[in-house]
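Below is one structure, written out as structure tokens; the observations come after it.
No value in this document is a laboratory result; all are computed from the given coordinates. Since this is a predicted model, take the numbers as computed values, not measurements. So basically every Cβ, Gly included, is an ideal-geometry build from the backbone, and we count neighbours across all protein chains shown.
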Amino acid sequence: NAGVTQTPKFRVLKTGQSMTLLCAQDMNHEYMYWYRQDPGMGLRLIHYSVGEGTTAKGEVPDGYNVSRLKKQNFLLGLESAAPSQTSVYFCASSSRAYEQYFGPGTRLTVT
Amino acid sequence: GQQVMQIPQYQHVQEGEDFTTYCNSSTTLSNIQWYKQRPGGHPVFLIQLVKSGEVKKQKRLTFQFGEAKKNSSLHITATQTTDVGTYFCAGISPDSWGKLQFGAGTQVVVTP
């Protein structure tokens, strides 16, 4: 039982490049989330999903897109990376409004 | 929109001392959760409070939910070096579909 895994762990992008972050969970959770964490700002919700095939915007969705084609996977895409998107990205999953299980994070730097 | 504020932002504690971190919401919450994040790690769930005035204990940690369900506190007694990390509160409002609104966290540094 791996819990929540994220790929990749680290990435450096140049401004304008694109990339996809992959999140996978093996706990059969309905809800999945993408957060970004910046110093002094806690965790801010980017997008979330309440089930396979559904996604919704969170607090800071601009510049990101997501897809949830399979229940266990939640993908976060950056179409044209900007330096302001330098951050640590965490994926999480949960069963409805219960505790969230976080992945180990992806450290992204955009130069 | 809903805002969750935590104070203090930083807490320097001598090993063996007690401290408290506070969490305040601008709106009434249906429940509140607390997470701990060790340096370089990811947030890990500690506890969830649901009832007005609820108090829960986990060894040296005491969590409290306010009567109005708009504030919460975490009190740690006899701080140990293992308590180092950032403690986040996260609130769920009744209409938020399970989305958590995180506070900015309290970063705890323990001096031996």
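So, R0 is 41 Å and r is the distance between the beta-carbons of B:Asp18 and A:Asp26; what FRET efficiency does that work out to, to 0.05? So the FRET efficiency works out to roughly 0.55. Cα-Cα over 29 Å: which of A:Lys14/B:Lys99; A:Lys57/B:Lys69; B:Lys36/B:Lys70? From A:Lys14/B:Lys99; A:Lys57/B:Lys69; B:Lys36/B:Lys70, over 29 Å: A:Lys14/B:Lys99.
Straight-line cross-link partners of A:Lys9 among the aspartates and glutamates, defined as a Cα under 18 Å from its Cα and at least 8 positions apart when in the same chain: A:Asp38. Net charge of the neighbourhood of A:Asp26, taken over other residues with C-beta under 13 Å away and scored Lys/Arg +1, Asp/Glu -1, is +2. Let's test the formula: R0 of 45 Å, r as the Cβ-Cβ distance of A:Arg107 and B:Ala68. What FRET efficiency results, to the nearest 0.05? FRET efficiency, A:Arg107 to B:Ala68: 0.70. Working note: Debye formula, equal point scatterers on the alpha-carbon atoms of the protein assembly as shown, no solvent; log10 I(q)/I(0) at q = 0.08, 0.11, 0.15, 0.18 Å⁻¹ is -0.29, -0.54, -0.98, -1.31. Note on segment A:10-111: Cα Rg divided by 2.2 N^0.38 Å, N the number of residues, gives 1.01. Where does the charge balance sit around A:Leu13 when Lys and Arg score +1, Asp and Glu -1, over other residues with C-beta under 15 Å from its C-beta? In short, +4. The alpha-carbon atoms of segment B:1-72, seen along their principal axes, cover 34, 26, 20 angstrom, with the largest extent given first.
For chain A, the relative contact order comes to 36 percent (Cα pairs under 8 Å, sequence separation of at least 6).
The Cβ shell under 11 Å around B:Phe45 holds other residues with a net charge of 0, Lys and Arg each +1, Asp and Glu each -1.
Looking at chain A, send over the antiparallel percent of its DSSP beta bridges, to the nearest 5. Counting DSSP beta bridges with both partners in chain A, the antiparallel share is about 90 percent.
Between A:Ser80 and B:His75, the FRET efficiency from the beta-carbon distance, with R0 = 41 Å, is close to 0.35.
Separation of segment A:1-34 from segment B:3-47 is 25 Å, based on Cα centroids.
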